[in-house]
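Undergrad: What follows is a structure written as structure tokens; I'll ask about it next.
What follows is calculated from the coordinates using simple rules that are stated; it is not laboratory data. Please read all numbers here as calculations on a predicted model, not as lab measurements. Ideal geometry is used to build each Cβ from the backbone, glycine not excepted, and the neighbour counts take in all protein chains shown.
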């Protein structure tokens, strides 16, 4: 039986999240960890998908047509790499991501853990995707009285075991190199 190569989905890694209006974030190494994953996928020529949030909310830092809509330089797509623009939190709801994954095991990373990442990974689990969430290649922001670390940990706890398997960048690199 031929096994499909694993896919990598990078969610909303755009300059928009660096706007101070988002508040305090956690996991300052998330982008460098996402880059390590991206480098491995590029080297192996495995399928990878850059998901870009194209917000329709007036005043959103993720709205198209402004400088903050651009991808972060460390994880920006190269020419020829697939970019999927989404208008919802869940990347499956407003793109053809599911058909592009074609049944492959899929690794997810990006921002915001408690928003688009959690929504997308929940959908992946519901849709039968064998999903892995790379916890240290994601980050979130504080919400109300909860710190970004607390919000991040709760999202991971909500997802692990039921919708995905939560892993680390080091684990992925050791398993896949």
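Undergrad: Calculate the spin-label point distance for residue 42 paired with residue 147, positioning each point 7 Å from the Cα along the beta-carbon direction, and give it in nanometres.
TA: 3.4
Undergrad: Of all DSSP beta bridges in the range 1-92, what percent run antiparallel (nearest 5)? Don't jump to the answer; show the numbers that get you there.
TA: Values: 1 of 10 bridges.
Among the beta bridges of the range 1-92, antiparallel pairing accounts for roughly 10 percent.
Undergrad: Would you report the distance distribution of C-alpha pairs in the range 115-177 as whole percents per 10 angstrom bin, up to the bin with the largest distance?
TA: 22, 50, 25, 3, 0
Undergrad: Would you please give the FRET efficiency between residue 174 and residue 60, computed as 1/(1 + (r/R0)^6) with r the Cβ-Cβ distance and R0 = 41 Å, to the nearest 0.05? Write out the running numbers ahead of the final one.
TA: Details: r = 38 Å, r/R0 = 0.92.
Result of the calculation: an efficiency of 0.60.
Undergrad: Can you list the equivalent-ellipsoid semi-axes of the chain, largest first and in whole Å, using the square root of 5 times each Cα gyration tensor eigenvalue? List each step's numbers first, then the result.
TA: Details: eigenvalues 107, 69, 50 Å².
Ellipsoid half-lengths, sorted descending, are 23, 19, 16 Å.
Undergrad: While we're here: Tell me the relative contact order for the range 1-122 as a rounded percent, counting alpha carbon contacts under 8 Å between residues six or more apart. Before the final figure, lay out each step's value.
TA: Details: 189 pairs, mean separation 45.5, N = 122.
It comes to 37 percent, rounded to a whole number.
Undergrad: In whole angstrom, note down how far apart the Cα centers of the range 1-53 and the range 87-142 are.
TA: 11
Undergrad: At a 10 angstrom cut-off on C-beta neighbours, averaged per residue, how do the peptides 68-79, 12-23 rank from highest to lowest?
TA: Working: 68-79: 14.0, 12-23: 16.8.
Taking the mean over residues of other Cβ atoms within 10 Å, the ranking is 12-23, 68-79.
Undergrad: Using only helices, what value at 222 nm comes out for the chain when you add -39,500 (n - 2.57) per DSSP H run of length 4 or more and divide by the total residues, to the nearest 500 deg cm²/dmol?
TA: Values: 5 runs with 49 residues, N = 177.
When only DSSP H runs of four or more count, the value is -8000 deg cm²/dmol.
Undergrad: Which of the peptides 25-38, 164-177 is most tightly packed, and how do the rest follow, judged by the mean count of other Cβ atoms within 10 Å per residue? Let's see the in-between values first.
TA: Numbers: 25-38: 19.0, 164-177: 15.4.
Per-residue Cβ counts within 10 Å, averaged per peptide and sorted highest first, yield 25-38, 164-177.
Undergrad: What FRET efficiency comes out for residue 100 versus residue 21 if R0 is 30 angstrom and r is the Cβ-Cβ distance? Round to the nearest 0.05.
TA: Details: r = 32 Å, r/R0 = 1.08.
Rounded to the nearest 0.05, the efficiency is 0.40.
Undergrad: Additional query: Take peptides 153-162, 88-97 and line them up by average Cβ neighbours within 10 Å, highest first, as a rough protection proxy. The partial results should precede the final answer.
TA: On the way: 153-162: 15.7, 88-97: 18.7.
Going by the mean number of other Cβ atoms within 10 Å, highest first, we get 88-97, 153-162.
Undergrad: Could you check what % of the DSSP bridge pairs in the chain are antiparallel, to the nearest 5? If you can, show how the numbers build up before the last one.
TA: Values: 3 of 26 bridges.
Given both bridge residues lie in the chain, the antiparallel proportion sits at roughly 10 percent.
Undergrad: What full-extension length gain, to one decimal in nm, is calculated for residue 162 and residue 4 as 0.36 nm per residue of separation minus the Cα-Cα distance?
TA: Values: separation 158, 0.36 × 158 = 56.88 nm, distance 2.27 nm.
Taking residue 162 through residue 4 to full extension adds about 54.6 nm, to one decimal.
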